[in-house]
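Worksheet for the structure shown next.
What follows is calculated from the coordinates using simple rules that are stated; it is not laboratory data. The shown structure was predicted, so the numbers you read here are calculated from the model rather than taken from an experiment. Glycine gets a Cβ as well: all are built from the backbone with ideal geometry, and neighbour counts include every protein chain shown.
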Amino acid sequence: MPNLSESPVVLITGAARRIGACLAKRLHECGFRIIVHYHHSLNEANSLCEELNNRRHDSAWAVNANMTDIASVEALASASISHWGRLDALINNASSFYRTPLPDANKQQWGELIGSNLQGPFFLCQAVSEELIMRRGAIINITDIHAHQPLARHSIYCIAKAGNTMLTRTMAKELAPHVRVNGIAPGVILWPENICAENTEKIKNNSLPAIPLKRMGTPEDIALLAEFLITDASYITGQIITVDGGKHLIF
Ligand SMILES: NC(=O)c1ccc[n+]([C@@H]2O[C@H](COP(=O)([O-])OP(=O)(O)OC[C@H]3O[C@@H](n4cnc5c(N)ncnc54)[C@H](OP(=O)(O)O)[C@@H]3O)[C@@H](O)[C@H]2O)c1
């Protein structure tokens, strides 16, 4: 019988739903205890934890934080480290995403998009760095293919993800040789929820035929790579790996 108190612990931000929940389930299957960070999705976070705890006793725990608020991010870090007395890996997955056409872009959007995609991940890396150094841990930042290729009318999000890419590379250098830091840049995986069905259909019809592999990716594609980067990739750091069905080839 494995000693559960020795199981490694991963903190996944924005883990209650969608890609984050898939990351949580995959790493849980690999034997990790999961800290499910959420912001508004309390019910989803609780049911995910219940599902994981039913599979393995005391293996998942939900914690709330607003990634745009530095004090909240720091509290998230210390609660995560103290909950099971260790932290071995961090996945910065939480993100807000919406259009910010230049004429209407404002400070509140800047604060939210930069806060969740860049500032929050930076201060979370800082706050867990000592623990991860001690554990010889790993960090993964979930970025976006649009960190390099601008998405029209989404400049603030693209700027934030571009910063997130450099965050990954600078942290990889600064935290070496103890902590490996890598990024995953998804292409089209799940459609955003804040657009109407008609627009989703339009985007689908325009974008899917142009993807060399002719389909969307799946959250599992992201989760499998995250598993590899955390558990097996002992000589990989400072890399951003694109998972986009070849979309970057046709920009
Ligand atoms: N979906 C795609 O096809 C795609 C494509 C490229 C890149 N990505 C990247 O992949 C990651 C996951 O994508 P996704 O579509 O699954 O993400 P998502 O559903 O849009 O967002 C993930 C979670 O982020 C959390 N979040 C947002 N703002 C927050 C804040 N201020 N503080 C704390 N948490 C906050 C939300 O938590 P609550 O629900 O608890 O409020 C949300 O559930 C993101 O980093 C995204 O940029 C996704």
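Which three extents, in angstrom, do the Cα atoms of the stretch 7-243 have along their principal axes, listed largest first?
Projected onto the principal axes, the Cα atoms of the stretch 7-243 cover 47, 36, 34 Å.
At a Cα cut-off below 16 Å, give the lysines reachable from Lys107, other chains included and same-chain residues fewer than 8 away excluded.
none
Run the reach check for Lys204 against lysines, Cα to Cα strictly under 29 Å, same-chain hits fewer than 8 apart removed. What comes back?
Lys25, Lys161, Lys214, Lys247
Given contacts defined as C-alpha pairs under 8 Å and at least six residues apart, what's the relative contact order of the chain, whole-number percent?
Relative contact order here is 19 percent.
Rounding to the nearest 10 and keeping the result within 0 to 90°, find how far the Cα-based axis of helix 42-55 lies from the longest principal axis of the chain.
Approximately 50 degrees, to the nearest ten.
For Ser95, Ser155, what's the fewest-to-most ordering of other Cβ within 10 Å of each Cβ?
Ser155, Ser95
How far, in nm, would the chain grow between Glu198 and Leu224 when pulled straight, counting 0.36 nm per residue and subtracting the alpha carbon separation?
Gain in length upon complete extension: 6.2 nm.
Can you give the calculated 222 nm mean residue ellipticity of the chain, where each DSSP H run of n ≥ 4 adds -39,500 (n - 2.57) and the sum is split over every residue, rounded to the nearest 500 deg cm²/dmol?
So the helix-based figure for the chain works out to -13500 deg cm²/dmol.
Mind pulling the angle between the C-alpha long axis of helix 155-175 and the longest principal axis of the chain? Nearest 10 degrees, somewhere in 0 to 90.
30 degrees
Based on the inverse mean of 1/r over its pairs of different Cα atoms, what is the Kirkwood hydrodynamic radius of the stretch 123-251, in Å?
Averaging 1/r across every pair of different Cα atoms and inverting gives 15.8 Å.
Under a Cβ-only charge scheme (Lys and Arg +1, Asp and Glu -1), can you give me the dipole magnitude of the chain about the Cα centre, in debye to the nearest 20?
540 debye
Please report, for the Cα atoms of the stretch 89-140, the Rg to one decimal and the Dmax as a whole number; what are they, in angstrom?
14.4, 47
Using +1 at the Cβ of each Lys and Arg and -1 at the Cβ of each Asp and Glu in the stretch 7-243, identify which of Ile12, Asn194, Gly217 lies farthest towards the dipole's positive end.
Going by the Cα projections, it comes out as Gly217.
Which ordering of Arg153, Arg135 is given by a fewest-first count of other beta-carbon atoms within 10 Å?
In order of increasing Cβ crowding within 10 Å: Arg153, Arg135.
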